[in-house]
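Okay, so here's the structure we're looking at.
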Amino acid sequence: MKIARIRNASRLETYALISEDGKRLITRHEIEDQTGIPIPIGIKEFMFRGWLEEVKKHQEKLRYSHLVDDIELLVPLPNPPKIICLAFNYYDHAKDAGLTPSDEPVIFMKPRTTLNPPHSNIICPSFVQRLDYEAEIAAIIGKDTKNVSLDESKNSIFGYMIMHDVSARDIQFKDKQFTRAKGIDTFAPCGPWITTKDEIYDPQDLEIITKVNGEIRQKSSSGNMVLPIHKIVSSLSSVITMEEGDIISTGTPAGVAMSMKDPKYLKDGDIVEISIQGLGTIRNKVVFR
């Protein structure tokens, strides 16, 4: 199923289930009315405490009566414990950067304040000169996990969403590390919703497309990952306790601006659209301030 946080016309925040085609939704109150299940107010409790599984038993009763276009989509998962990101986890991206991929996750962290709704503006400080895009698949951890085996790691994943790992390359090159360059407020647009893992037959066979002002910049597949998602979860759990609600962003494929001979960095007013097969599309405008 697809679960979204939304704000309606009355400015009230709640959550909703999204139809299979991504065009219609049913709100929390309507789910209660149509199924008779007293589901919780908080989206995390709904997802991680078994309530979603109860609702799934009554799917045939659900009527998706609202248009997604008529509401505001919010960040799907508020206040995650951690946002862990992988660097150079695609063979083509590593090759473009002249690097040999590691056989273990090379990670950095983004603060929660980077999270940005799927259609909101990316606000970039005016001093940034080289703003770049990175389309990524993010895995949502569904339960606390430590020292999990490769086979068992799939049971730790609740679902997936799109993550845009916006990057200030000039800061990255100056600092020689990633945190400040990728940790600026609004530098992680995500969503448009969380798709549960049962809807994704193979997370290592998803098409990834990034467009800037309609021009395709990235076109690849999650099959090009160096470390597949289940391996990432297993490896990370040997050193970090994965907590319920953690976000793991799994790296970006080739096509980013910094790897071009004539880099096309993002400018004020640019529109970045990221589509990932089975996960939907996010679309954000770049605003320099």
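Listing for the model above:
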{"read-out": "Of all residues making up the stretch 46-73, the number that are out of contact with any Phe, Trp or Tyr (no Cβ under 9 Å at 6 or more places or on another chain) and aromatic (Phe, Trp, Tyr)", "value": "2"}
{"read-out": "Contacts under 9 angstrom Cβ, first residue in the stretch 62-73 being in contact (Cβ under 8 Å) with a residue 60 or more places away in the chain, partner in a helix (DSSP H, G or I), 6 or more apart", "value": "none"}
{"read-out": "Residue list for the stretch 201-218, restricted to those being assigned to a strand (DSSP E or B) and in contact with a Gly (Cβ under 7 Å, 6 or more places away or on another chain)", "value": "210, 217, 218"}
{"read-out": "Single match in 118, 105 (criterion: buried (at least 22 other Cβ atoms within 10 Å of the Cβ), assigned by TED's automatic domain parsing to the domain that holds residue 238 and under 19 Å from residue 5 (Cα atoms))", "value": "118"}
{"read-out": "Test result for residue 150, closer than 29 Å to residue 243 by Cα and of a type outside the set (Ser, Thr, Tyr)", "value": "yes"}
{"read-out": "Residue that is among the polar types (S, T, N, Q) and either within 24 Å of residue 145 (Cβ to Cβ) or touching a Leu at 6+ places or on another chain (Cβ under 6 Å) (or both), where the choices are 186, 210, 241", "value": "241"}
{"read-out": "Criterion (without any contact (Cβ under 8 Å) to a residue 60 or more places away in the chain, among the acidic types (Asp, Glu) and more than 18 Å from residue 248 (Cα to Cα)) met by exactly one of 92, 175", "value": "175"}
{"read-out": "Subset of the stretch 234-265 (residues that are among the hydrophobic types (A, V, I, L, M, F, W, C), over 12 Å from the mean Cα position of the chain (by Cα) and under 23 Å from residue 112 (Cβ atoms))", "value": "236, 239, 240, 242"}
{"read-out": "Selected residue [assigned by TED's automatic domain parsing to the domain that holds residue 166 and either surrounded by 15 or more Cβ atoms within 10 Å (Cβ to Cβ) or touching a Pro at 6+ places or on another chain (Cβ under 8 Å) (or both)] from 216, 200, 271", "value": "200"}
{"read-out": "Selection from the stretch 167-197 of residues that are surrounded by 23 or more Cβ atoms within 10 Å (Cβ to Cβ) and out of contact with any Asp or Glu (no Cβ under 8 Å at 6 or more places or on another chain)", "value": "189, 190, 191, 192, 193, 194, 195"}
{"read-out": "Failed criterion for residue 100 (all others in (1) under 27 Å from residue 169 (Cα atoms); (2) polar (S, T, N, Q); (3) within 23 Å of the chain's Cα centre (by Cα) hold)", "value": "(3)"}
{"read-out": "Residue identified as in contact with a helix residue (DSSP H, G or I) (Cβ under 6 Å, 6 or more places away or on another chain) and either in contact (Cβ under 8 Å) with a residue 24 or more places away in the chain or among the charged types (D, E, K, R) (or both) among 207, 244, 215", "value": "244"}
{"read-out": "Search result, residues across the stretch 156-166 that are aromatic (Phe, Trp, Tyr) and surrounded by 24 or more Cβ atoms within 10 Å (Cβ to Cβ)", "value": "160"}
{"read-out": "Residue satisfying all of: in the stretch 219-241; out of contact with any strand residue (DSSP E or B) (no Cβ under 7 Å at 6 or more places or on another chain) and aliphatic (A, V, I, L, M); surrounded by the most Cβ atoms within 10 Å (Cβ to Cβ) among these", "value": "227"}
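The values are calculated or read from the model by the stated rules, or taken from the named source; none is laboratory data. Small disclaimer: the values here were computed from a predicted structure and weren't measured. Backbone-built Cβ (ideal geometry, glycine too); neighbour counts: all protein chains shown.
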